[in-house]
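Here's the structure, in structure tokens; my notes come after.
The values are calculated or read from the model by the stated rules, or taken from the named source; none is laboratory data. Bear in mind that the values here come from a model prediction, so they are computed numbers and not experimental data. Here the Cβ positions follow ideal geometry from the backbone for every residue, glycine too, while neighbour counts run over all protein chains shown.
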Ligand SMILES: Cc1cc2nc3c(=O)[nH]c(=O)nc-3n(C[C@H](O)[C@H](O)[C@H](O)COP(=O)(O)OP(=O)(O)OC[C@H]3O[C@@H](n4cnc5c(N)ncnc54)[C@H](O)[C@@H]3O)c2cc1C
């Protein structure tokens, strides 16, 4: 049996171990495009801060790989030819398989605003991104962290380079997230597992979820968040397994789920309080994720925080009122970000 695994992340490595636990002799080939092979992506935040040396990001040794007994092919898979049971590589090679596993992970969503492709606009996804950030930080004077997830807050709070961060913007998210709102969103995402016949049908579902939002003049923008399957139906582009996993956690053990979120909120409040840079929260006043209580908790933890409430907007503030969102961010940056001389 020839097993072929695409991707060189933790899922791929776990898959090789699983195969080897039941089949010691079959051929295993792993195809990965990342020139750095398998390393801890969560560890990248600590690599940036200097808490982890790059060598510490590699959890497996050469001896571990030798024992796992697989062939590593460096490169990118271009297409899967199911009928011929082989994959085509970008460099023109073809690699056959009996069993194929796709473990290509996920990447940060690129910012979809004008200027997002300018030099100096960076994301943190892979080792190369981390190195690019370090390089920019060494020669840069100011930085803005856009986004308020764990990575943004923790990276900012502990980094040796914290002084260069000038501002952090949280967009309708606070350390404490309303559980009822999360449930509502996940229920919405799971409500149509068979997708929609067309974008108009999807727009109707969104209108029902967001009755406050005026209907868009065109449904073309929805093509960015839905994708059309081979059966012609449109489904949300988010990984259904990701949504299902969250739903399972919420539904099967709500007490444990809520306890975990409360613990995370405590941790993030500490991070927010440790921020040296100005912090802005932009909240949609109709948001069901960010409540007055959550704002008060953030205010107590991070008294330096500023707030902008966008009337008539819900959780997706920018989608509901992009002008109000943009002017809040730009006004904040104008007030706080030192221009690079
Ligand atoms: C900064 C940061 C912090 C994080 N912190 C946490 C955390 O605290 N806790 C947590 O649970 N998760 C965290 N995550 C998320 C976690 O790293 C991912 O969930 C995990 O890496 C997913 O593993 P994976 O093997 O599915 O995919 P990945 O790690 O994404 O690996 C997929 C691999 O497939 C390769 N690939 C993609 N397409 C192709 C192709 N066509 N051909 C060949 N190769 C391809 C990619 O280059 C990549 O190397 C963090 C992620 C980042 C970036």
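Given the criteria touching a residue at least 40 places away in the same chain (Cβ under 8 Å), under 28 Å from residue 139 (Cα atoms) and assigned by TED's automatic domain parsing to the domain that holds residue 181, does residue 333 qualify? Judged against the criteria, residue 333 is a match.
So for the stretch 91-113 (the condition being within 8 Å of the ligand (Cβ to nearest atom) and at pLDDT 95 or above), does at least one residue qualify?
Looking only at the stretch 91-113, we keep the residues that are within 8 Å of the ligand (Cβ to nearest atom), and these are 103-108.
Checking the rest, the ones that are also at pLDDT 95 or above come to 103-104.
Taking every residue of the stretch 91-113 in turn, at least one turns out to be within 8 Å of the ligand (Cβ to nearest atom) and at pLDDT 95 or above.
Elements of the type strands (runs of 3 or more DSSP E) sitting completely within the stretch 158-250 and holding at least 3 residues that are modelled with pLDDT under 90 and in contact with a helix residue (DSSP H, G or I) (Cβ under 7 Å, 6 or more places away or on another chain): these cover 165-171.
Among the conditions (1) within 13 Å of the ligand (Cβ to nearest atom); (2) assigned to a strand (DSSP E or B), the only one that residue 28 does not satisfy is (1). Of all residues in the stretch 80-93, those being surrounded by fewer than 11 Cβ atoms within 10 Å (Cβ to Cβ) and either touching a helix residue (DSSP H, G or I) at 6+ places or on another chain (Cβ under 9 Å) or within 19 Å of residue 34 (Cα to Cα) (or both) number 2. Among the residues of the stretch 243-268, just one is touching a residue at least 60 places away in the same chain (Cβ under 8 Å) and within 14 Å of residue 193 (Cα to Cα), namely 247. Residue 65 falls short on exactly one of the conditions (1) over 27 Å from residue 131 (Cβ atoms); (2) more than 9 Å from the ligand (Cβ to nearest atom); (3) over 25 Å from the mean Cα position of the chain (by Cα), and that condition is (1).
Within the stretch 37-62, the set of residues being surrounded by 16 or more Cβ atoms within 10 Å (Cβ to Cβ) and more than 15 Å from the ligand (Cβ to nearest atom) is empty. Applying the condition of being in contact (Cβ under 8 Å) with a residue 40 or more places away in the chain and more than 13 Å from the ligand (Cβ to nearest atom) to the stretch 1-23 and asking which residue is surrounded by the fewest Cβ atoms within 10 Å (Cβ to Cβ) yields 1.
For the stretch 114-129, enumerate the residues that are within 13 Å of the ligand (Cβ to nearest atom) and either under 15 Å from the mean Cα position of the chain (by Cα) or part of a loop (DSSP other than H, G, I, E, B) (or both).
Going through the stretch 114-129, the residues within 13 Å of the ligand (Cβ to nearest atom) turn out to be 122-129.
Passing the criteria: 122, 123, 124, 125, 126, 129.
Of the helices (runs of 4 or more DSSP H) lying entirely inside the stretch 256-341, the ones with 1 or more residues being at pLDDT 90 or above and surrounded by 12 or more Cβ atoms within 10 Å (Cβ to Cβ) are found at 292-301, 322-336. Here residue 59 meets each of (1) assigned to a strand (DSSP E or B); (2) under 27 Å from the mean Cα position of the chain (by Cα) with one exception, condition (1).
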